[in-house]
Amino acid sequence: MFPARAVVDLAAIRGNVRALAAHARTAQVMAVVKADAYGHGLVPVARAALEGGATWLGTAQIAEAIALRAAGIDARVLTWLYAPGGPLEQAVAADIDVSVAAPWALDEVADGARRAGRTARVHIKVDTGLGRNGITPDRLEALLDDALRLQAEGVLDVVGIWSHFAFADEPAHPTVLAQAETFAGAIALAESLGARLEVRHIANSAATLTNPAVHYDLVRPGIAVYGLSPVPHLGGPADFGLVPAMTLEAELATVKTVGGGQGVSYAHAYVTSGATTLGVVPLGYADGIPRHASGSDGRLGAPVRVGARRLGIAGRVCMDQFVLDLGPGALEVAGERVELFGTGADGGPTAEDWALAAGTISYEIVTRLGSRVPRVHVDSEAPLRPDDAASPAVAFPTVGR
């Protein structure tokens, strides 16, 4: 059994979606479950999000959308990122909505629809200023003309117009207003040409929580579904009614006493100041633990919790492990639980704490978690069965001292 696990509370997912729906008010909620639901587990999270009130699901890759259908999920699903030659026939055949961000993509969706013998549902992606995926405004009218011609032939339906903000986490940034105006113009153009739009959507997690003027018919929260704040400088999860869904925990492996002056891990970036106890945590950068979260030059790295104590990584993160300085006279033994990050309850470390330690964002901390770390899905709202308390899938066994 792998000596670590990511425990994902599906009740937290449901509760977060309910909170986001309250922020969105009259707009529908698309729960974005791309990248294996930000590392939390695609199908279990998708089901929990729908139970929490989401009416749409969003994936970047077509394969993820098809996996949702294969699991029996029949809610509306939008997928948006593919290259020429992508499996568009399979997507259309599975009743998956497809984004079109370029003229070649419109042609390939149309070809896929003809082969599938089914009308494709298309959302036109407009680049309103992010400079990433999407049709630029100067080419939008020509694309819409072609799309509506195909709609008249019964090949596809243009059901949505959408875009994405560059600075949604800074609601007062001038680009937010500029992109909103460009998006409004794209909607007006599409409707003037005869498009019968079901949904218009531009709001990600940050805009869902901070900018109700751009909610339109549908909001697309991603990171907030998982209980992490997209705007930590404006408020933490609790300020928005969110609860982090993932707790990453491991079992201490080797525990041993060493003397003062002992170098720890590669290049001895950490040296003990006196006799102490070292503990090895069997997770490393092969598992998605950021090497940038290492400690160096006498500074401890990213925080962890051992029992009631909050400690930091001692020295460099390795491929499969990192080390903690448990302190002189430490009572911990091999097999005891280490919490890397979780809800933050009682002062425990969070994914945001790890992001700050590694110089990144919380999105990356949870999403980069490696595939060999088991995802264990629990439901804190479900009645406890007699065998649950002893199950290692729910909690580590108590280790005697």
Checklist outcome for this item: Of Ser273, Ser296, ordered by accessible area with the largest first and a 1.4 Å probe, the sequence is Ser273, Ser296
Item to check | Tail beyond 19 Å, pair distance distribution of the stretch 205-260 (Cα, percent) | outcome: 47 percent
Item to check | Whether the stretch 103-196 is rounded, prolate or oblate, judged on the alpha carbon gyration tensor where a/c under 1.5 counts as rounded | outcome: prolate
Next on the checklist: How much length would be gained if the chain were fully extended between Asp239 and Arg139, taking 0.36 nm per residue of separation minus their Cα-Cα distance, in nm to one decimal?
Outcome noted: 31.9 nm
Checklist outcome for this item: To the nearest 20 debye, the stretch 16-145 has a Cα-centred charge dipole, built from +1 on Lys and Arg Cβ and -1 on Asp and Glu Cβ, of 380 debye
Checklist outcome for this item: Taking only C-alpha positions in the chain, Rg and Dmax in angstrom work out to 23.9, 79
Checklist outcome for this item: The FRET efficiency for Ala166 and Asp95, from their Cβ-Cβ distance with R0 = 35 Å and rounded to 0.05, is 0.65
Checklist entry - Rounded to two decimals, what is Rg over Rh for the stretch 266-347 when you use alpha-carbon atoms and the Kirkwood radius? => result 0.94
Checklist entry - Once the whole set of protein chains is in place, how much accessible area is left on Asp297, using a 1.4 Å probe, in Å² to the nearest 10? => result 150 Å²
Checklist entry - Ordering Lys256, Lys34, Lys125 by how much accessible area each has at a 1.4 Å probe, largest first, what is the list? => result Lys256, Lys34, Lys125
Checklist entry - Given Cα pairs under 8 Å that are at least 6 residues apart, what percent is the relative contact order of the stretch 44-150? => result 19 percent
Checklist outcome for this item: A convex hull over the alpha carbons of the stretch 15-74 yields, per residue, a volume in Å³ of 75 Å³
Checklist entry - Given R₀ = 41 Å, FRET efficiency for Thr26-Arg368 by Cβ-Cβ distance, to 0.05? => result 0.70
Item to check | Theoretical ellipticity at 222 nm over the chain - DSSP helices of four or more residues, -39500 (n - 2.57) apiece, nearest 500 | outcome: -8500 deg cm²/dmol
Item to check | Computed over the stretch 36-151, Kirkwood Rh from alpha-carbon pairs, angstrom | outcome: 14.8 Å
Item to check | Fully extended contour minus Cα-Cα distance, from Ala75 to Thr119, at 0.36 nm per residue | outcome: 14.1 nm
Checklist entry - Given 0.36 nm per residue, what is the gain on full extension from His173 to Ser273 after removing their alpha carbon distance, in nm? => result 31.3 nm
Item to check | Fraction of antiparallel bridges per DSSP, the chain only, in percent to nearest 5 | outcome: 45 percent
Checklist entry - At what distance in angstrom do the alpha carbon centres of the stretch 94-116 and the stretch 149-222 lie from each other? => result 20 Å
Checklist entry - Spin-label point model (7 Å from Cα, Cβ direction): what's the Ala184 to Thr254 distance in nm? => result 6.4 nm
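The values are calculated or read from the model by the stated rules, or taken from the named source; none is laboratory data. Since the structure is predicted, the reported quantities are computational estimates derived from the model, not experimental observations. Virtual Cβ from ideal backbone geometry, glycine too; neighbours counted across all protein chains shown. Surface accessibility is based on the protein's heavy atoms, side chains included, excluding ligands, DNA and RNA. Shrake-Rupley method; radii C 1.70, N 1.55, O 1.52, S 1.80 Å.
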